[in-house]
1. Loop only per DSSP, at most 15 neighbouring Cβ atoms within 10 Å: give me the trypsin sites (Lys or Arg not before Pro) in the stretch 154-206, ordered by residue number.
2. Which aspartates and glutamates, if any, have their Cα less than 14 Å from the Cα of Lys2, not counting same-chain residues under 8 positions apart?
3. Could you tell me the relative contact order of the chain? Use alpha-carbon pairs under 8 Å, at least six residues apart, and round to a whole percent.
4. What does DSSP give for the chain in terms of the percent of beta bridges that are antiparallel, rounded to the nearest 5?
5. Expressed in whole Å with the largest first, what are the equivalent ellipsoid semi-axes of the chain derived from the C-alpha gyration tensor as the square root of 5 times each eigenvalue?
6. Sequence gap at least 6, Cα distance under 8 Å: using those rules, report the relative contact order of the stretch 62-163 to the nearest whole percent.
7. If you build the Cα gyration tensor of the stretch 1-149 and take the root of 5 times each eigenvalue, what three semi-axes come out, in whole angstrom, biggest first?
8. Obtain the nm distance between the two label points defined at Arg155 and Arg122 by a simple spin-label model: each point lies 7 Å from its Cα along the Cα-to-C-beta direction.
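Derivation of every value follows stated rules applied to the coordinates shown; laboratory data play no part. Computed from a predicted model, the values in this text were never measured in an experiment. Cβ coordinates were reconstructed from backbone atoms using ideal geometry, including for glycine residues, and neighbour counts include every protein chain displayed.
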Amino acid sequence: MKLVIGATGFLGSRLVRQLVESGESVRVLVRPTSDTKSIDDLDVERAVGELFDAESVAAAMDGCDVVFYCAVDTRAWLTDSTPLFRTNVDALRAVLDVAVSVDLRAFVFTSSAATIGLVSGRLADEGDAFNWSDRAPDYVRSRVAGEEQVLDYARSRGLPAMAICVANTYGAGDWQPTPHGSFVAGAALGKLPFTVRGCRSESVGVDDAARALVLAAERGRPGERYIVAERSVDLGEIVAIAADAAGRRPPRLVLHRRVLYAIGAVGSVLTRLTGRPRQLTVASVRLMHIMSPMDHTKAVRELGWSPSPVSESVVDGARFWVDRVARRRAQRTNSVGDR
């Protein structure tokens with residue numbers, strides 16, 4: 001039995017889908033209030049509980065040999081970091097405290113490529129420790145703290161845990177959507193007022209990322225980090241691919257990095273003055289481009305991971321949004337006809 005924590009999120013739901021389709025018995029831990037539409041069509045066992053409730057977490061882990069941990073608060077724009085650290089650090093610690101008492105074969109933690117250190121003159125790899133705390137938003141700091149916890153439990157308490165440092169994920173099923181996925185949705189639906197140039201970030205198809213998690217459970221080494229990223233892609237290229245897949249032209253207005261920083265500076269000031277968080281701030285713009293290009297050779301060598309071009313997943317993501325809108329229109333038409 002495989003347990004997935006964070007199964008209703010973008011990556012978590014795609015992971016559950018892969019496990020079910022491969023014939024695995026899957027249990028998911030969900031909150032009573034979780035929106036489960038991304039997994040409602042899948043045959044899984046549901047355990048209801050909270051991450052801070054040791055009893056419900058232990059019951060969910062009972063009989064499982066592998067735990068996939070995909071729960072994360074990604075709201076990098078929050079002005080109060082308390083929720084980020086509560087979910088990404090404190091809740092994770094509560095789950096780890098239960099996991100060390102269970103006979104697990106693997107604890108696969110979904111970390112972030114943002115925990116990899118910045119380098120120059122070469123590709124960054126898993127050996128590069130995080131080194132940009134002075135410029136990192138609270139979201140990234142919470143992710144670093146969470147990853148360090150997991151690796152410490154592996155080193156000091158014998159938990160067979162590994163950290164999978166996942167880049168920006170693209171593909172079908174991004175219901176929210178994620179912050180970077182919103183550019184795909186906007187371009188596909190013709191609602192994006194501008195495109196962006198000069199902001200490159202490591203990216204990967206969501207199904208390739210889910211496959212890496214599965215492979216890590218089978219072949220990963222406890223205490224290790226694995227970079228899961230296909231390549232560094234300019235956000236403008238992402239927008240162009242998504243627009244083309246939907247049969248649309250990309251936005252004519254092009255915003256370069258300097259302009260984004262100017263807009264982000266205004267957003268930062270307004271956030272401080274009003275106390276209301278805004279998604280476009282100096283910190284969020286920096287996060288769009290600051291990471292170094294990365295080397296995913298270790299995941300290929302040790303896990304046997306082989307990613308497809310991320311452009312294919314961007315196309316899948318664009319078509320997902322086009323199809324979703326078409327289904328909604330059809331449902332509204334049928335509803336009117338029934339009257």
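1. Lys191
2. Within the straight-line limit of under 14 Å, Lys2 reaches these aspartates and glutamates: Glu21, Glu24, Asp43, Glu45, Asp62, Asp65, Asp103, Glu218.
3. Relative contact order here is 19 percent.
4. 10
5. 31, 26, 20
6. 35
7. Calculated on Cα positions only, the semi-axes equal 28, 17, 16 Å.
8. It is 2.1 nm.
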